[in-house]
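Below is one structure, written out as structure tokens; comments come after it.
The values are calculated or read from the model by the stated rules, or taken from the named source; none is laboratory data. A quick note: this is a predicted structure, and the numbers were derived from the prediction, not measured. Note: ideal-geometry Cβ built from the backbone for every residue, glycine included; neighbour counts use all protein chains shown.
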Amino acid sequence: MVFKKLLFIAFLISSQNAFSEDFELDIVKAAIERTKHSVRYDGRYMSIPYPNGDVPANIGVCTDVIIRTYRAIGTDLQKLVHEDMLANFGAYPSKRIWGMSSTDKNIDHRRVPNLQAFLSRKGEKLAVSNDGSDYKPGDIVTWMLPGNLPHIGLITNNVSSISNNPLVVHNIGAGPKLDDMLFSYKITGHYRYVPSKYRESSL
């Protein structure tokens with residue numbers, strides 16, 4: 001009986017490791033692929049389709065890097081954020097920050113504070129530290145830039161030969177780039193969101 005329990009525990013651990021590795025490989029590959037696109041930094045409000053809506057491919061901001069990366073692995077953050085906000089509007093900062101009284105599927109998912117709320121609710125909110133080894137491939141990090149501007153990026157499995165910190169895919173104004181900037185600004189959040197299809201495939 002004890003042996004069977006140990007086998008079951010070992011199976012669970014190996015399954016979790018398998019889906020974690022698959023997710024990390026897929027999300028990092030999708031994020032790095034974003035750096036091959038020419039994108040002009042443009043965060044204007046636009047009406048977009050729903051679900052799987054997007055602004056024109058040649059424009060975008062930091063959140064669009066995350067949105068497009070997840071879309072490439074079959075996950076629509078526009079739909080997920082919108083559905084959770086519809087059911088739990090008070091859990092999001094839209095009223096406090098932007099004075100909104102209802103959801104807006106054109107822009108909600110493209111705002112860093114909303115993504116932070118979603119990731120905290122539906123993913124894992126991880127510890128913020130000054131140790132680069134605490135940030136794993138596929139993790140999402142948020143920062144506060146000078147002028148109180150929120151920013152977001154995704155951790156990759158590439159490591160800087162200078163700082164030994166993991167490189168980040170983000171768009172800080174010059175399009176999607178792979179940069180050594182993890183500790184360049186104040187970190188305001190550290191998250192991990194593994195889509196359900198990766199969790200389900202391990203069962």
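Points worth noting:
- If the condition is being β-branched (Val, Ile, Thr) and under 27 Å from Asp42 (Cβ atoms), then the range 147-197 contributes Ile152, Ile155, Thr156, Val168, Val169, Ile172, Ile187, Thr188.
- Selected residue (criterion: nearest to Gly189 (Cα to Cα)) from residues of the range 121-152 that are exposed (fewer than 14 other Cβ atoms within 10 Å of the Cβ) and either modelled with pLDDT under 95 or of a type in the set (Gly, Ala, Ser) (or both): Ala127
- Filter result (surrounded by 15 or more Cβ atoms within 10 Å (Cβ to Cβ), more than 20 Å from Phe118 (Cα to Cα) and touching a strand residue (DSSP E or B) at 6+ places or on another chain (Cβ under 7 Å)) within the range 178-203: Leu178, Asp179, Asp180, Met181, Leu182, Tyr185
- Residue list for the range 37-84, restricted to those being under 14 Å from the mean Cα position of the chain (by Cα), surrounded by 15 or more Cβ atoms within 10 Å (Cβ to Cβ) and assigned to a loop (DSSP other than H, G, I, E, B): Val61, Ile73, Thr75, Asp76
- Of the residues making up the range 98-151, those that are part of a helix (DSSP H, G or I) and of a type in the set (S, T, N, Q) are Asn114, Gln116, Ser120, Ser133.
- In the range 148-166, the residues that are touching a residue at least 24 places away in the same chain (Cβ under 8 Å), out of contact with any Leu (no Cβ under 9 Å at 6 or more places or on another chain) and of a type in the set (S, T, N, Q): Asn164
- A Cβ distance below 7 Å, combined with a sequence gap of six or more or placement on separate chains, defines the contacts here; from the range 41-54, residues that are modelled with pLDDT of 95 or more and of a type in the set (D, E, K, R) reach residues that are part of a loop (DSSP other than H, G, I, E, B) and surrounded by 14 or more Cβ atoms within 10 Å (Cβ to Cβ) in the pairs Asp54/Ile48.
- Test for Arg121: is it basic (Lys, Arg) and more than 24 Å from Arg96 (Cα to Cα): no
- Matching residues, the range 19-64, being closer than 17 Å to His151 by Cβ and among the small types (Gly, Ala, Ser): Ala31, Gly43, Gly60
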